[in-house]
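What follows is one structure encoded as structure tokens, with my remarks underneath.
Bear in mind that the values in this text are calculations on the coordinates, not laboratory data. Quick caveat, the model's predicted, so the values are computed rather than measured. FYI the Cβ positions are ideal-geometry reconstructions off the backbone, even for glycines, and counts take in every protein chain you see.
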Amino acid sequence: MDEITLLARAIPDEPPPSAETVARARARLTARHAEGRPPRRRWGRGRGRRWGWGWTAGAAVATAAVVMTVVLSVSNLTGVPEPAPPASPPPAFEQPPHAYEGLNRLSAATAPRSAAKVRLRFRPTSENVKIVIFCREPGSIFFTHEGTSGAAGVCGPDGGLSMLADKAYEPGWLGRDHQITVWVFPPDAPVVRGRGACPSKDACEGRHELSGPEAADRLAAELGERPGAWSVAAYDAG
């Protein structure tokens with residue numbers, strides 16, 4: 001078996017070395033062997049077979065030595081592959097983080113487009129509750145609603161807080177399941193900012209006041225789904 005075949009088996013993931021590379025390795029080993037080789041003895045006819053066996057074993061050892069020399073050369077050239085870097089976590093507007101400002105995530109929901117709504121269900125265990133909306137587009141407008149209460153605000157990649165979480169201090173809000181509906185609209189949505197900004201219909205003609213779920217649904221239907229992924233999560237100290 002020649003050196004090329006042995007090298008192909010020794011380094012299966014690498015292309016076989018050129019004939020010149022193998023020849024140089026064989027020449028180096030031959031020179032080293034010649035420097036330290038004792039004088040040859042001439043054997044008589046009766047020992048011809050021993051000489052033939054010895055020559056075959058020596059050739060095999062030399063072939064293996066050539067293979068090892070080339071393998072070491074190739075290994076030094078290729079080196080050890082570097083480990084792949086760890087995968088980075090997805091952005092918060094695609095998947096809310098498991099923790100936020102020292103609080104643990106209770107529940108989460110995501111939406112691939114804006115001018116859309118999702119429902120978030122959770123059960124708080126402490127008064128230290130936060131409802132956080134993460135939006136891909138900075139300055140996006142959100143509206144949250146549950147029962148007879150609603151709250152609007154602005155969100156971005158770092159998150160925006162809903163004031164509905166302040167109800168955690170009211171009697172009866174803790175220890176039960178909640179379902180909060182959340183709408184997110186693009187930053188340029190025609191929304192009235194702040195309560196009492198429209199003293200009359202003419203003063204805010206063409207703009208929507210997010211006063212309840214019906215108004216939020218009308219605005220979403222008017223705009224249609226727009227680009228801008230977002231997510232919402234409830235966090236609790238428990």
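Mind checking which residues of the range 177-193 are surrounded by 15 or more Cβ atoms within 10 Å (Cβ to Cβ), in contact (Cβ under 8 Å) with a residue 24 or more places away in the chain and assigned to a loop (DSSP other than H, G, I, E, B)?
Pro186, Pro187, Ala189
Given (1) within 21 Å of Gly156 (Cβ to Cβ); (2) in a loop (DSSP other than H, G, I, E, B); (3) in contact (Cβ under 8 Å) with a residue 12 or more places away in the chain, where does Pro112 come up short, assuming only one miss?
(2)
Spot the failing condition for Leu174; the list is (1) assigned to a loop (DSSP other than H, G, I, E, B); (2) touching a Phe, Trp or Tyr at 6+ places or on another chain (Cβ under 7 Å); (3) of a type outside the set (Asp, Glu), and only one is missed.
Result: Leu174 fails condition (2) only.
Of all residues being over 20 Å from Ala215 (Cβ atoms) and of a type in the set (Gly, Ala, Ser) in the range 140-162, which is surrounded by the most Cβ atoms within 10 Å (Cβ to Cβ)? Just the residue, please.
Here the answer is Gly159.
Looking for whichever is surrounded by 20 or more Cβ atoms within 10 Å (Cβ to Cβ) and among the small types (Gly, Ala, Ser) here; the options are Ala99, Ala165. Which one fits?
Sole residue among the options that is surrounded by 20 or more Cβ atoms within 10 Å (Cβ to Cβ) and among the small types (Gly, Ala, Ser): Ala165.
Which of the residues belonging to the range 205-221 are in a helix (DSSP H, G or I) and surrounded by fewer than 11 Cβ atoms within 10 Å (Cβ to Cβ)?
Answer for the range 205-221, where residues must be in a helix (DSSP H, G or I) and surrounded by fewer than 11 Cβ atoms within 10 Å (Cβ to Cβ): Glu214, Ala221.
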